[in-house]
Amino acid sequence: MAVDNDGIAVVTLQRPPVNSLNLDLLQAMNNTFDDVAKNKSKGMILTSASPTVFSAGLDIMEMYKPDPKRVETFWVTLQDMWLKLFGASFPTAAAINGHAPAGGCLIATSCEYRVMLSGKFTIGLNETALGIVAPTWFQDSLRHTIPTRQAEIALTTGKMFTVDEALKVGLIDETAADKAEAIEKCKKFIKRFDKIPSLARGMTKQIFRQEVLKKLLTNRQADTKQFLDLVNQPKVQQSLELYLAMLKQKSQK
């Protein structure tokens, strides 16, 4: 995390090669979000150290033939991360400098503003393509960002939006030529609130988002059980195994 002279924190995901969200990275993100809140930063920008990937989403290895205790901790920590990010009182923006599938899209849509690099990058919740059902709060994050009808089609088809498609539907707010420009545009968004009392702004945001947050807060145990039941199904394990084999084949080319 680096805080600039304006008090804006830039948090960079740095888990090579593709910022897959494993337990360790999620714990680090939670600690960083807490630090941003404690430091009373003016706002936070999330970006990536990778030149081509914002975040590839959840680490498949956390779910493939999982250790029962670790996979439960993994899911609870993921819930924590989302609750902190989606419910943050401070302004949040994502400088999406690469692909953002699945969990990468979740992180982006949890922020208030999104700037994505132009190019052949894609963003979306593609869980159904892997034989996985996107949890309610994943779906809610997308539905909170784009029109409900568009969200339903995107979720059921596992659609990955091109940058132009994402801009057109409102999944992203702006495009940028490079990472530096994306970060500057995110800073410009955060600076919009310079003359707005932070307490009023933060409370308004949290009231606006409270229905979505409350849905998970009141159903965390049921959500965790649903995930654990799903991830341990033979068909899901088979889908994950096929996906891992495909990734291995790609890396060998």
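No lab work stands behind these numbers, since they all come straight from the coordinates. From a predicted model like this one, the values you see are computed outputs, not experimental measurements. Backbone-built Cβ (ideal geometry, glycine too); neighbour counts: all protein chains shown.
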Rounded, prolate or oblate: which fits the stretch 2-191, taking a ≥ b ≥ c as square roots of the Cα gyration tensor eigenvalues, rounded meaning a/c under 1.5, else prolate when a/b beats b/c? oblate
Protection-proxy order for peptides 36-45, 220-229, 4-13, each taking the mean of Cβ atoms within 10 Å per residue, highest first: 36-45, 4-13, 220-229
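So how strong a dipole does the stretch 2-191 carry about its Cα centre when Lys and Arg Cβ are +1 and Asp and Glu Cβ are -1, to the nearest 20 debye?
Details: 19 positive and 21 negative charges, 35 e Å.
Charge dipole, the stretch 2-191, about its Cα centre: 160 debye, nearest 20.
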Would you mind calculating the gained length between residue 220 and residue 195 on full extension (0.36 nm times residue separation, minus the Cα-Cα distance), in nm to one decimal? 5.3 nm
Calculate the FRET efficiency for residue 239 and residue 89 from the Cβ-Cβ distance with a Förster distance of 35 Å, rounded to the nearest 0.05. 0.35
Of 214/235; 42/205; 42/215; 65/225; 42/191, which sit over 20 Å apart, Cα to Cα? 214/235; 42/215
Roughly what angle does helix 148-157 make with the longest principal axis of the chain, taking Cα atoms, 0 to 90 degrees, to the nearest 10? 30 degrees
Given the DSSP H assignment, sum -39500 (n - 2.57) over each helix run of at least 4 residues in the chain and divide by its residue total; what's the result at 222 nm in deg cm²/dmol, nearest 500? -16500 deg cm²/dmol
If one takes the longest principal axis of the Cα atoms in the chain, at what angle in degrees, from 0 to 90 and to the nearest 10, does the Cα axis of helix 179-191 lie? 60 degrees
Please enumerate, by chain and number, the lysines with C-alpha under 16 Å from the C-alpha of residue 38, excluding those fewer than 8 residues away in the same chain. 84
Roughly how far apart, in whole Å, are the Cα centres of the stretch 89-109 and the stretch 1-15? 15 Å
Of the options 224, 58, 145, report the single residue whose Cα projects farthest towards the positive end of the charge dipole of the chain (beta-carbon charges: Lys, Arg +1; Asp, Glu -1). 145
How far is the Cα center of the stretch 204-221 from the Cα center of the stretch 161-203, in Å? 23 Å
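Please report the antiparallel percentage of the DSSP beta bridges confined to the chain, to the nearest 5.
On the way: 4 of 24 bridges.
Of the beta bridges lying entirely in the chain, close to 15 percent run antiparallel.
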Cα axis of helix 198-217 to longest principal axis of the chain: angle in degrees, 0 to 90, nearest 10? 10 degrees
